[in-house]
1. How many of the residues making up the range 57-92 are under 17 Å from residue 164 (Cβ atoms) and more than 17 Å from the chain's Cα centre (by Cα)?
2. Would you mind finding the one in 134, 160 that is modelled with pLDDT under 95 and exposed (fewer than 13 other Cβ atoms within 10 Å of the Cβ)?
3. It is to be established whether one or more residues within the range 79-100 are surrounded by 15 or more Cβ atoms within 10 Å (Cβ to Cβ), farther than 21 Å from residue 44 by Cα and either in contact with a helix residue (DSSP H, G or I) (Cβ under 8 Å, 6 or more places away or on another chain) or at pLDDT 95 or above (or both).
């Protein structure tokens, strides 16, 4: 029994060292980036109503000021998301998936297929993994707050359906966290 415990301890320690090495190599390859102060504009087609349904979601915006120790030439970027989701008024307006692409200020891009989207009355988020371009292999998280008033959203829900939604980015990060 002691021999088994000793061997198992070496195997566990070796596996732990491998996992740490794999994470460190991945972070060194892609690096981290954080951005503050950006914005976003979302369009829903068809407009979201009080009847639950599927809607096409298109969103784009600016990431604000970005900092990256591994890629210091990147100081900002613009993003675009195209996908679909299911939702209804009063929310969530859309929960689904799509593809996000980021064009960085240094001329490079990051592509995030399979990005999840969640748009609610007061908050919105996009989460995905970079599969191509800068920061490949890293995960991303964007969270924001609505700047469209609840009154305006409610009026759109009642009339033609909620077609537009604006917000500010509270935080955006790739690989940090």
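The values are calculated or read from the model by the stated rules, or taken from the named source; none is laboratory data. Small disclaimer: the values here were computed from a predicted structure and weren't measured. Neighbour counts are summed over all protein chains in view; Cβ atoms, including those assigned to glycine, are modelled from backbone coordinates with ideal geometry.
1. Looking only at that region, the number is 5.
2. One residue alone meets the criteria, 160.
3. No, there is no match, as no residue in the range 79-100 is surrounded by 15 or more Cβ atoms within 10 Å (Cβ to Cβ), farther than 21 Å from residue 44 by Cα and either in contact with a helix residue (DSSP H, G or I) (Cβ under 8 Å, 6 or more places away or on another chain) or at pLDDT 95 or above (or both).
Let's see how each residue does on (1) in contact with a helix residue (DSSP H, G or I) (Cβ under 9 Å, 6 or more places away or on another chain); (2) under 18 Å from residue 98 (Cα atoms):
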residue	(1), (2)
131	no, yes
162	yes, no
165	yes, yes
169	no, no
